[in-house]
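Engineer: Provided herewith is a single structure, encoded as structure tokens, for subsequent inquiry.
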Amino acid sequence: MPPSHLQRILITGASGTLGYNLVQHLGRKHPESHLHILMRTPDSSLFAALPNVTLEQVDMADTARLTAAVAGFRPNAIIHCAASGVRPTQLGYFDFVDLNVSATMQLFRASCEIEGCHFIHISTGMVYGSLDENHPSRPWREDDPINTLHPYGASKAAADCLLRAGAERLGRRLTILRPFSFTGIHDGGGRLFPSLLRAALDREPFAMSAGTQLRDFCAVEDVVRAIALLLDSEEHPRHDIYNVGSGLSVPLGSIVESVAQQLHLDVDIRIGELPFQPLEPPSLVADITRIGDLGWQPTINLAYAVWQLARSSFPGLAVAEPQQLVPGR
């Protein structure tokens with residue numbers, strides 16, 4: 001029998017990169033826990049090997065259905081991974097608000113009807129503002145201002161603020177995680193590394209921006225371990241915020257070229273052919289001191305995470321297996 005705070009865990013966003021890997025990790029780490037997954041379009045094949053996982057069809061925009069699902073399952077913890085896409089072209093502005101703010105607050109409201117329910121909100125490093133004279137080029141800390149004008153980042157920042165105020169007012173246990181950039185198995189769509197691998201498979205050039213923006217990339221497996229650490233522990237504060245990333249500040253172009261080199265990818269990387277995305281921050285790097293104090297650190301080499309993605313989603317692509325662990329770990 002698992003500890004009481006791990007008996008029933010409700011997870012949203014399991015069709016995404018982070019949510020999928022989280023369910024796989026927790027399903028194996030806590031085989032006696034009941035993981036209940038809310039999905040707009042349930043796909044039982046994703047978690048067929050995990051007997052402790054159940055799926056329920058729920059659209060996050062359906063307030064009544066969402067509330068009933070939480071009340072029916074009565075979770076000890078909710079891990080809210082569901083969110084809109086990052087790129088502004090995918091959704092209209094109010095779509096970001098509806099999913100990332102309104103639906104999030106409705107889920108939190110439903111959780112407040114469950115005694116002792118721990119609400120874990122997966123936010124993003126995109127909540128932080130832009131560099132200016134008041135913010136030198138250094139990693140972002142959890143107490144830095146969250147004043148971005150990027151639609152995705154702003155919607156997540158709004159949810160962060162409202163959740164913190166609600167948790168303080170209502171005496172609820174809240175944990176906010178702010179992952180920075182990550183990749184690994186089940187990454188897809190038009191995201192950076194699936195696009196790179198697809199270009200290599202199709203023998204087409206890979207066009208990207210100038211690549212001068214500073215980024216912090218890590219393996220999704222490491223982000224999942226951070227979530228599991230905070231879920232398992234009952235000793236940290238009732239509500240707190242944690243950045244999760246590599247803690248390394250590297251130009252994006254150098255990151256892409258390094259991964260391609262380690263995988264021996266035969267691909268023509270054309271840096272500077274695309275413009276920067278609208279409102280793209282010039283620096284998005286995490287200060288990971290706070291979660292490091294809990295014993296967490298990134299361990300998986302980014303190129304290894306991309307290799308895992310290639311093996312699982314692009315089986316026809318020839319890639320060399322890189323070193324698995326970050327040097328020195």
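The values are calculated or read from the model by the stated rules, or taken from the named source; none is laboratory data. A quick note: this is a predicted structure, and the numbers were derived from the prediction, not measured. Here the Cβ positions follow ideal geometry from the backbone for every residue, glycine too, while neighbour counts run over all protein chains shown.
Engineer: Output the residues belonging to the stretch 271-300 that are in contact with a helix residue (DSSP H, G or I) (Cβ under 9 Å, 6 or more places away or on another chain) and over 17 Å from residue 222 (Cβ atoms).
Structural biologist: If the condition is that a residue be in contact with a helix residue (DSSP H, G or I) (Cβ under 9 Å, 6 or more places away or on another chain) and over 17 Å from residue 222 (Cβ atoms), then 271, 272, 277, 278, 279, 281 are the ones that fit.
Engineer: If you don't mind, there's one more thing I want to ask. Is it the case that the stretch 41-48 has a residue that's surrounded by 16 or more Cβ atoms within 10 Å (Cβ to Cβ) and among the β-branched types (Val, Ile, Thr)?
Structural biologist: Checked against the condition, which is being surrounded by 16 or more Cβ atoms within 10 Å (Cβ to Cβ) and among the β-branched types (Val, Ile, Thr), the stretch 41-48 yields no hits at all.
Engineer: Search the stretch 252-292 for residues being hydrophobic (A, V, I, L, M, F, W, C) and more than 16 Å from residue 213 (Cα to Cα), and hand back the single one that is surrounded by the fewest Cβ atoms within 10 Å (Cβ to Cβ).
Structural biologist: Out of the qualifying residues, it is 269.
Engineer: Checking the structure you have, find out if any residue of the stretch 271-282 is outside any helix (DSSP H, G or I), hydrophobic (A, V, I, L, M, F, W, C) and modelled with pLDDT under 95.
Structural biologist: yes
Engineer: Does residue 211 fit the bill of being in contact with an Asp or Glu (Cβ under 9 Å, 6 or more places away or on another chain) and touching a residue at least 60 places away in the same chain (Cβ under 8 Å)?
Structural biologist: It is true that residue 211 is in contact with an Asp or Glu (Cβ under 9 Å, 6 or more places away or on another chain) and touching a residue at least 60 places away in the same chain (Cβ under 8 Å).
Engineer: Can you name every residue in the stretch 185-212 that is closer than 30 Å to residue 161 by Cα, surrounded by fewer than 18 Cβ atoms within 10 Å (Cβ to Cβ) and over 14 Å from the mean Cα position of the chain (by Cα)?
Structural biologist: Once the filter is applied, which keeps residues that are closer than 30 Å to residue 161 by Cα, surrounded by fewer than 18 Cβ atoms within 10 Å (Cβ to Cβ) and over 14 Å from the mean Cα position of the chain (by Cα), the stretch 185-212 yields 189, 190.
Engineer: Pick from the stretch 269-304 the residues that are charged (D, E, K, R) and touching a Lys or Arg at 6+ places or on another chain (Cβ under 9 Å): which of them is nearest to residue 129 (Cα to Cα)?
Structural biologist: Once the filter is applied, the top-ranked residue is 287.
Engineer: Scan the stretch 95-118 residue by residue and report those that are without any contact (Cβ under 8 Å) to a residue 24 or more places away in the chain and more than 22 Å from the chain's Cα centre (by Cα).
Structural biologist: Result: 115, single match.
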